[in-house]
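For reference, the structure discussed in these notes is given below.
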Amino acid sequence: MIELVQGKIDLERVIAAVSHPGAGATVIFVGTTRDHNEGREVIRLEYEAYEEMAISELQRLVLTAQTQWPETRAAIAHRLGEVPLGEPSVVIAVSSPHRAQAFAACRFLIDELKKSVPIWKKEFFQGGEVWIGTQQGTPLPSSWVRPDS
Amino acid sequence: MRVLVRYFAAARERSGTTEEWIEVEESATLAGLWSLLVQRHPALAGLGSCISFAVNREYTDRLHTLRDGDEVALIPPVSGGSTGGCIHD
């Protein structure tokens, strides 16, 4: 199961997608939206994706993980649009006969997802907004952040 | 020939559009297309080296030669990725 969803992620569904009688371990990663970043109080977060490519990149990552850890099964759900603070934006579940493979594959999937899957996060804070990933430590000047205002 | 250019995140905001068809010369490269796009939407220039490209949903480099009908996406750095030292305004 690989899904981009509007609205809340159904954690149980993601876990159910990898459950099977041969699984002795299921590792779940839940990424949640934080109320602060780099010293700023975050008001809200929005996610945007190049959906067709995000799906194909996620499928590629899952295949890579299953090649490296052959007995694992993986499911990924990523939320798009506005995500209220404290709610999950991404959930990854990996099952395997033994826990070591599930931990390793789950770690691989979240690390690679963040590097290469075309999903962007916009952070809104008091006095501005910024696309995370387009800057390192310093917010972009508000002169271009809101070109239409 | 024509290619479909799709803009996301910061590139979408700077171009003011989500997608558009662009006329390019036969055997134009992504680098050539990028020059056209910056002329058309000067605010894109500020993203400079930060932008990656995908052609038909696969990452590729700026020397890639385009074909008629290709779907080209401008990919600003993704949310958790390293910016790789890219510089923008």
Practice prompt. List the number of the failed condition for B:GLU13; all other conditions in (1) at pLDDT 95 or above; (2) under 27 Å from A:LYS114 (Cα atoms); (3) not in a strand (DSSP E or B) hold.
Written response: (1)
Item to complete: Please tell me if A:THR64 is crowded, with 22+ Cβ neighbours inside 10 Å and of a type in the set (Ser, Thr, Tyr).
Response: no
Worksheet item: Tell me, which residue of the range B:1-16 that is under 11 Å from the mean Cα position of the chain (by Cα) and free of Cβ contacts under 8 Å to residues at least 60 places away in the same chain is nearest to the other protein chains (Cβ to nearest Cβ)?
Response: B:ARG12
Worksheet entry | Filtered residue count, the range A:98-129, keeping only those that are touching a helix residue (DSSP H, G or I) at 6+ places or on another chain (Cβ under 9 Å), of a type in the set (A, V, I, L, M) and either touching a residue at least 40 places away in the same chain (Cβ under 8 Å) or exposed (fewer than 15 other Cβ atoms within 10 Å of the Cβ) (or both) | 5
Practice prompt. Identify the residue in the range B:49-83 that is closer than 21 Å to A:ASP111 by Cα and charged (D, E, K, R) and, among all such residues, is surrounded by the fewest Cβ atoms within 10 Å (Cβ to Cβ).
Written response: B:GLU58
Worksheet item: Only one of A:ALA93, A:ALA74, A:ALA100, A:ALA105 is at pLDDT 95 or above and over 20 Å from A:VAL30 (Cβ atoms); which?
Response: A:ALA100
Discussion item. On the basis of being closer than 22 Å to A:VAL117 by Cα and basic (Lys, Arg), does B:ARG40 make the cut?
Written reply: no
Worksheet item: Considering only residues of the range B:50-67 that are part of a loop (DSSP other than H, G, I, E, B) and among the hydrophobic types (A, V, I, L, M, F, W, C), which is farthest from the other protein chains (Cβ to nearest Cβ)?
Response: B:LEU63
Fill in: Filter result (touching a residue at least 60 places away in the same chain (Cβ under 8 Å) and in contact with a strand residue (DSSP E or B) (Cβ under 8 Å, 6 or more places away or on another chain)) within the range A:19-35
A:SER19, A:HIS20, A:ALA23, A:GLY24, A:ALA25, A:THR26, A:VAL27, A:ILE28, A:PHE29, A:VAL30, A:GLY31
Worksheet item: Looking at (1) farther than 27 Å from A:HIS78 by Cα; (2) surrounded by 16 or more Cβ atoms within 10 Å (Cβ to Cβ); (3) modelled with pLDDT of 90 or more, which is the one condition that is false for B:GLY46?
Response: (3)
Worksheet, complete the sentence: When every residue in the range B:17-49 that is closer than 20 Å to A:GLU48 by Cβ and touching a helix residue (DSSP H, G or I) at 6+ places or on another chain (Cβ under 8 Å) is compared, the one farthest from the other protein chains (Cβ to nearest Cβ) is B:LEU37
Worksheet item: Any residue in the range A:116-138 that is in a helix (DSSP H, G or I), within 13 Å of chain B (Cβ to nearest Cβ), at pLDDT below 85 and more than 28 Å from A:VAL27 (Cα to Cα)?
Response: no
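The values are calculated or read from the model by the stated rules, or taken from the named source; none is laboratory data. Because the structure is a prediction, the values reported are computed rather than measured. Positions of Cβ are backbone-derived with ideal geometry, glycine not excepted, and every protein chain shown enters the neighbour counts.
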